[in-house]
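Trainee: The structure is given below, and queries will be raised subsequently.
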Amino acid sequence: MKGLPPVLITAIVLVAGFALCAMQFPNIASTRVVGNLLTDNAFLGIVATGMTFVIISGGIDLSVGSVIGFTTVFVALAIERWGVPPLVAFVAILALSAAFGAAMGAVIHVFDLPPFIVTLAGMFLARGAGFLLSTESVPITAPVYSTVSDFALRMPGGGRLTAIAIIMLVIVIGGALLLQLTRFGANVYALGGSRATASLMGVAVGKMTVKIYMLSSLLAGIAGIVFSFYTSAGYSLSAVGVELDSIAAVVIGGTLLTGGQGSVIGTFLGVLIQGLIQTYINFDGTLSSWWTKIATGVLLFAFIALQQGLVALARRPVAKRAGAVS
Amino acid sequence: MTALLPRRGLAQILALIVILAVDRVVSPQFFDLRLQDGRLFGSMIDVLNRGTPVALLSLGMVLVIATRGIDLSVGAVMAICGAIAASLADSHGLPVVLAAALGAGLVCGLWNGFLVAVLGMQPIVATLILMVAGRGIAQLITEGRIVTFTSPDLVWLGNGAILGVPVPVAIALGMLILTGAVVRGSALGLLIEATGGNARASELAGVGTRAMILAVYVWCGVCAALAGVIAAADIMGADANNSGLWLELDAILAVVIGGTSLFGGRFSLVLAVLGALIIQTMNTGILLSGYPPEFNLLVKAVVVLAVLLLQSPKLSGFAGIMARLRRTKP
């Protein structure tokens, strides 16, 4: 119940924003545009789902953009140069990125270091490793790619729900269920609330930390594969700055950056809001793309300030009640 | 001087010497210097010159980190101030250009400081806002173009020389001395360290922690502005997309290499600048050795991890070994 209001506000902002855009450009309110919006932001939605877990647990993962970049290059080279079947390449890269995340989580826990700086090192490492593989854009011509790219469910109104959009929706729903209905999800909230308390309650803090960062990197790996489907190429410089976009989506979605509160659904709405801003700017034509960054920054500020206010409000009555009981 | 360079600087100096030695092996003419047109040239000067932006950023960043904060927006602030300087350069005199750019940096710092000190936001979140929006603002100023200029005054800031020393290096040195004189010449440095060590206790002890936090973010913004102006002057143009990109990370890295803990408290300006020099010496070394510059990121990652593990509270690590060595000395 406590996590509901911020999500509700995000939903209201999205609906109101969509209505405003639709009033100005009636064409926006079509399944075609919505379908494209889902497709264009599929990789962001997947990565942001992982980021939600990390941030709710009180951490942060700056390495996800680099992991996406590395994944696209690895997949492209494996399929095109090394002659590995696509499915084997996918399994290999997912195992690799999960191991990478697990390693970061282990370093964070074992050496008691701030996640911010450890994942920063991970960011350099993954980007550097991607550069080492190839600095050129490697096109992917495997038949699987054209099959997946062409696959789409027809929506009423001519919109296309593409395969990568479906993958994203499945992951968002799966992530939401994992966070809300399982012991793992409850532990994530507990960790973000207070590590010490969680540990006293019997949560295996070390194992959880490793698993959370593993999940985030694994989802970044999946996002990388989706990104390679989206662009049909592998490029080590792709997805630069996606970590910021996904953190922004998580915050706009009402997740508390100090941890302990938030939801995957909110994050999904946050991704859609960012996509909507981009779509509006595309429709307008006269606005330049840098307005996306400014608008995102303004939204970020609004939501963080709102959270700050809500947290301050929430603290006051609790303190009073505690005083009354004692 | 002892106040500026504590004994714990030994590890950093050793690291710099080792990297310099490696560079000398890779490129035999590394230490060669020659005077041409009243300016010194050579790989060493190149290291100093190219290290200037990160060194300036780390000067501001180290104070912010000392208060247990972090400023992710410095790269974006560089882009904004570089864009302002480049757009005004050809129509206004140097004083106006500098005042406008540094003023913008000050305002950016004030904004960050306001969010952290007054609204009580987490520093990483508060500065994230400007990091995301800042590059957009910079592009708004340059209208999405790469603004070039020919103003000889501003170009001199990036490429000129004072007594043979490149101007950027002289500016960085001046800023180091100025910052050092202000924070170590007064109790300010101590108050900043107190704020980072335990903000609540310091507040109760009568330290104006809010004012301290506001001040360090403002100073960080001004340093970033100066770095942005120099970066723009160096290439005679402002590229809102790429100016200062990822430099916030290098600046944080420089501070961490300089031994300042991310958990706040003790800090050293000289060691932070030394950290920036170590990073740049590594970069230049990799370039000179003929390895592709892509190796930079990998090497940086390894260095971050190594330094982190040494600093880790769980490991007695290098610091512990050094302390023990010192204790056993007669």
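Trainee: How about region B:98-196: which trypsin sites (Lys or Arg not before Pro) there are in a DSSP loop, with at most 15 other Cβ atoms within 10 Å of their Cβ? Provide the component values of the computation, followed by the final result.
Mentor: Working: sites: B:Arg135, B:Arg145, B:Arg184; in loops: B:Arg145.
Taking region B:98-196 and a limit of 15 other Cβ atoms within 10 Å, the loop trypsin sites (Lys or Arg not before Pro) found are B:Arg145.
Trainee: How would you rank A:Met208, A:Met104, B:Met131, going from fewest to most other Cβ atoms within 10 Å of each one's own Cβ? Display every interim value, and only then the final one.
Mentor: On the way: A:Met208 21, A:Met104 29, B:Met131 25.
Least crowded to most crowded, the residues run A:Met208, B:Met131, A:Met104.
Trainee: Would you kindly calculate the translational diffusion coefficient of the protein assembly as shown, applying Stokes-Einstein with the Kirkwood radius from alpha carbon pairs, for 4 °C and a viscosity of 1.567 mPa s, and quote it in µm² s⁻¹ without decimals?
Mentor: On the way: Rh = 26.0 Å.
For the chosen part, D equals 50 µm²/s.
Trainee: Given an 8 Å cut-off on Cα distances and at least 6 residues of separation, report the relative contact order of chain A as a percent. Working shown, then result.
Mentor: Numbers: 531 pairs, mean separation 110.1, N = 326.
Over chain A, the number comes to 34 percent.
Trainee: Okay, moving on. Between rounded, prolate and oblate, where does region A:69-217 land on the alpha carbon gyration tensor, with a ≥ b ≥ c its root eigenvalues, rounded for a/c under 1.5, else prolate if a/b exceeds b/c?
Mentor: Values: a/c = 2.90, a/b = 1.42, b/c = 2.05.
Verdict is oblate for region A:69-217.
Trainee: Pairs of Cα atoms under 8 Å, at least six residues apart: use those to get the relative contact order of region A:157-229, whole percent.
Mentor: Numbers: 22 pairs, mean separation 15.9, N = 73.
Value for region A:157-229: 22 percent.
Trainee: Still on this model: Let me spell out the model: positive unit charges on the Cβ of Lys and Arg, negative unit charges on the Cβ of Asp and Glu, origin at the Cα centre of region A:1-133. What dipole size does that give, in debye rounded to 20? Numbers along the way, then the final one.
Mentor: Details: 4 positive and 4 negative charges, 31 e Å.
Roughly 140 debye for region A:1-133.
Trainee: How about region A:1-108: which trypsin sites (Lys or Arg not before Pro) there lie in a loop by DSSP and see at most 11 other Cβ atoms within 10 Å?
Mentor: Counting only loop positions with at most 11 other Cβ atoms within 10 Å, the trypsin sites (Lys or Arg not before Pro) in region A:1-108 are A:Lys2, A:Arg81.
Trainee: Could you give each residue of region A:205-220 its phi-based ³J(HN,Hα) in whole Hz, using Karplus coefficients 6.51, -1.76, 1.60 with θ = phi - 60°, and x for Gly or Pro?
Mentor: My calculation for region A:205-220 gives 4, x, 4, 4, 4, 4, 5, 5, 6, 5, 4, 4, 5, 4, 5, 5 Hz in order.
Trainee: Could you work out the relative contact order of region A:87-189? I mean the mean sequence separation of Cα pairs under 8 Å and 6+ apart, divided by the number of residues, in percent.
Mentor: 9 percent
Trainee: Under a Cβ-only charge scheme (Lys and Arg +1, Asp and Glu -1), can you give me the dipole magnitude of the protein assembly as shown about the Cα centre, in debye to the nearest 20?
Mentor: On the way: 34 positive and 24 negative charges, 464 e Å.
Here the protein assembly as shown has a charge dipole of around 2220 debye.
Trainee: Dipole magnitude of region B:1-159 about its Cα centre, charges +1 at Lys/Arg Cβ and -1 at Asp/Glu Cβ only, in debye to the nearest 20?
Mentor: 460 debye
Trainee: Modelled label-to-label distance, B:Trp246 and A:Asn282, 7 Å Cα→beta-carbon offset: nm?
Mentor: 2.8 nm
Trainee: When a footprinting reagent is the concern and you count Cβ atoms within 10 Å, what order do B:Glu294, B:Glu203 take, fewest first?
Mentor: On the way: B:Glu294 18, B:Glu203 15.
Ordered by Cβ neighbours within 10 Å, fewest first: B:Glu203, B:Glu294.
Trainee: Same structure again: Which Cα, out of A:Ala98, B:Leu191, A:Phe124, lies furthest along the positive dipole direction of the protein assembly as shown (beta carbon charges, K/R +1, D/E -1)?
Mentor: B:Leu191
Trainee: Among B:Gly51, A:Met155, B:Gly109, which residue has its Cα positioned farthest towards the positive end of the charge dipole of the protein assembly as shown, with +1 placed on the Cβ of Lys and Arg, -1 on the Cβ of Asp and Glu, and the dipole taken about the Cα centre?
Mentor: B:Gly109
Trainee: Divide by every residue of the protein assembly as shown the summed helix terms, -39500 (n - 2.57) for each DSSP H run of at least 4, and state the resulting mean residue ellipticity at 222 nm, rounded to the nearest 500 deg cm²/dmol.
Mentor: Working: 28 runs with 473 residues, N = 656.
Computed ellipticity for the protein assembly as shown at 222 nm equals -24000 deg cm²/dmol.
Trainee: Using a/c under 1.5 as the rounded threshold, could you call chain A rounded, prolate or oblate? The axes a ≥ b ≥ c are square roots of the C-alpha gyration tensor eigenvalues, and prolate needs a/b larger than b/c, oblate otherwise. Write out the running numbers ahead of the final one.
Mentor: Working: a/c = 1.98, a/b = 1.19, b/c = 1.67.
The shape class here is oblate.
Trainee: Which one, B:Leu269, A:Ser199, B:Val26, is farthest towards the positive end of the dipole of the protein assembly as shown when Lys and Arg carry +1 and Asp and Glu -1 on their Cβ?
Mentor: About the Cα centre, the residue reaching furthest to the positive side is A:Ser199.
Trainee: Still on this structure: What are the chymotrypsin sites (Phe, Trp or Tyr not before Pro) within region B:255-303 that DSSP puts in a loop, where the Cβ has at most 15 other Cβ atoms within 10 Å?
Mentor: Values: sites: B:Phe263, B:Phe267, B:Phe295; in loops: B:Phe263, B:Phe267.
Within region B:255-303, the qualifying chymotrypsin sites (Phe, Trp or Tyr not before Pro) (loop, at most 15 other Cβ atoms within 10 Å) are B:Phe263.
Trainee: For a test of the definition: using alpha carbon positions, the gyration tensor, and the 1.5 limit on a/c, classify chain B as rounded, prolate or oblate.
Mentor: Values: a/c = 1.70, a/b = 1.10, b/c = 1.55.
Cα axes put chain B in the oblate bin.
Each reported figure results from applying straightforward, stated rules to the coordinates on display, with no laboratory input. Values in this document were obtained by computation on a predicted structure and should not be read as measured data. Note that we place each Cβ from the backbone using ideal geometry, even for glycine, and neighbour counts take in every protein chain shown.
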